[in-house]
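To start, the structure itself, in structure tokens.
The values are calculated or read from the model by the stated rules, or taken from the named source; none is laboratory data. From a predicted model like this one, the values you see are computed outputs, not experimental measurements. Note: ideal-geometry Cβ built from the backbone for every residue, glycine included; neighbour counts use all protein chains shown. These area figures cover heavy atoms from the full protein model, side chains too; ligands, DNA and RNA do not enter into them. Shrake-Rupley method; radii C 1.70, N 1.55, O 1.52, S 1.80 Å.
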Amino acid sequence: MRSVHASLRLALAAGLALLIAAPAALAGAIPMAQGPGGVPTLAPLLERVTPAVVNIAVLQKSPEEDNPLLQDPFFRRFFGLPESSQPQMAAGSGVIVDAKNGYVLTNRHVIKDATQVMITLKDNRRFPARVIGSDAGTDIAVLQIKAEHLSALPFGDSDALRVGDFVVAIGNPFGIGQTVTSGIVSALGRSGLSPEGYEDFIQTDAPINPGNSGGALVDLRGELVGINSAIIGPSGGNVGIGFAVPSNMAHAVMEQLIRFGKVKRGRLGISMKDLTPELARTLGVTAEEGAVIAEVQNDSPAAHAGLQPGDVVVAIDGRPVRSAAELRARLGVMPVGEEVGLKVLRGAQTRTLRARIGPIEARAVPGGQSVPELAGARFADAERSTESGAERVIVVTGVQPGSPADQNGLQPGDLVVGVNGRRVRNVAQLAGALRKARHIALNVVRGDYLLTISIR
């Protein structure tokens, strides 16, 4: 674990001193307080925002509860085990974002498999929480508590963040209690941490540790710009590389979870890739960043909107698009039926196209069958339309909650197109490929996106 190094603290102090010493020269700058001796301090800001960050205690089932042998009292007595298995406790963090309705944002992995969720406020009041909904793709969950006199954090605009902006991370690391750390935005648009996720992470060096998950990443305006979610730490602690879900994405997911109880994702009917300097020269565009449309499916919302292969999407609804992963993440939180504006470069021309998010469709044979290696899921032969015609695939017709298939991230409507990179076109081929494989990585199409799901 490593704290923010001395040079960063000095830079922070120097930057804050400039804000205090030259307010006229920095019109619109954030006024900061001075502590004893004229030293800049974040204390007044933190006094205002920290009451909105909560500790979350989760009661989870013991793994033994899913093992029928370990539920047998004679078996337990024979091997000298306690007469009953004990539930497990886990700790995390959350952020109150709606004081009136008691809505709390956190990570899905904090409350996954919870049988009971208890929230503790900074003033030590404790309340049971109800899970409104959660989304595996973005790792966001919404809880609700019934309480009065709550403090909420206002949402900031995460799209306005720049590398170098100062941020503070607030949470409950290692369950020791509310803790505040500081740092800067180290990078934007990070992806690749999970092949199933809709990722557009903010990277920060503000120390984030186990237990900080679900906590707040706050800018110097005191606004929520991210939900702390993950770290890269070989020892399990912080090494200066932490990730937060952008507040704009978390807010969009929250609205759907409150309205529908889940995220209703749709499709445009495209495949895409990052714009590279070589591609830019080939396509005759001057942009340095963006998402290149590689394929447009027939009779899809993208086709109806006029998108063409080779188009470069550089903005969506007026907000810049830096990569294919960023476009994927933004489209991934838009509900079916919503209309989006796409700023597109087509050679030397700039166009604005409007497209309506369509439902994810697959023509499947009624019913479905199980495959032993993917317990809990049912599959059926299906077809999907492509530019070259109909393509045979396998559709996931159902997933039993809590089953191995569910825990590995399979979802109803997923289209299985390969196993370990090799094409499969029907359930019989899928079953045969799984029987031969030592390690299983499913190649899955979900909406517009090709995912790789590792089966544990």
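Residues whose amide H falls under 5 Å from that of residue 295, counting only those 5 or more places apart or on a different chain, are 271, with hydrogens built in the peptide plane. The aspartates and glutamates whose alpha-carbon is closer than 12 Å to the alpha-carbon of residue 436, local same-chain residues fewer than 8 away aside, are 373.
Under the classification rounded if a/c is under 1.5, otherwise prolate if a/b is larger than b/c and oblate if not, where does the range 275-366 fall, given a ≥ b ≥ c as square roots of the Cα gyration tensor eigenvalues? Taking the square roots of the gyration eigenvalues as a ≥ b ≥ c, the range 275-366 is prolate.
For the range 295-347, the gyration tensor built on C-alpha atoms gives an oblate shape. Its axis ratio a/c (a ≥ b ≥ c) is at least 1.5, and a/b is not larger than b/c.
Across the range 401-411, coupling constants 3J(HN,Hα) worked out from phi with the 6.51/-1.76/1.60 Karplus curve, θ = phi - 60°, read x, x, 6, x, 4, 5, 5, 7, x, 5, 10 Hz, and Gly and Pro carry x. Estimated at 0.36 nm per residue, the fully extended path between residue 438 and residue 260 surpasses their Cα-Cα distance by 60.2 nm.
Going by accessible surface with a 1.4 Å probe and the largest first, 330, 423 read 423, 330.
Rounded to the nearest Hz, the phi-derived 3J(HN,Hα) couplings of the range 422-437 under the Karplus curve 6.51 cos²θ - 1.76 cosθ + 1.60 (θ = phi - 60°) are 9, 5, 10, 10, 7, 5, 4, 5, 4, 4, x, 5, 5, 5, 8, 7, where x marks glycine and proline. Shape call for the range 104-198 from the C-alpha gyration tensor, a ≥ b ≥ c root eigenvalues: rounded (a/c under 1.5), prolate (a/b greater than b/c) or oblate? In terms of gyration-tensor shape, oblate. Summarising the amide proton neighbourhood of residue 155: residues at separation of 5 or more, or on other chains, whose placed amide H is nearer than 5 Å comprise 224. Across the range 137-190 the C-alpha pair distances fall into 10 Å bins from zero in the proportions 15, 36, 41, 8 percent. Of the peptides 103-114, 399-410, 279-290, 217-228, the order by per-residue mean of other Cβ atoms within 10 Å, starting with the highest, comes out as 217-228, 103-114, 399-410, 279-290. A protection proxy built from the mean count of other Cβ atoms within 10 Å ranks the segments 166-173, 123-130, 183-190, most packed first, as 166-173, 183-190, 123-130.
Phi angles of the range 368-383 translate, via the Karplus equation with coefficients 6.51, -1.76, 1.60 and θ = phi - 60°, into HN-Hα couplings of x, 9, 8, 10, x, 6, 10, 4, x, 10, 10, 10, 9, 5, 8, 9 Hz per residue; Gly and Pro are given as x.
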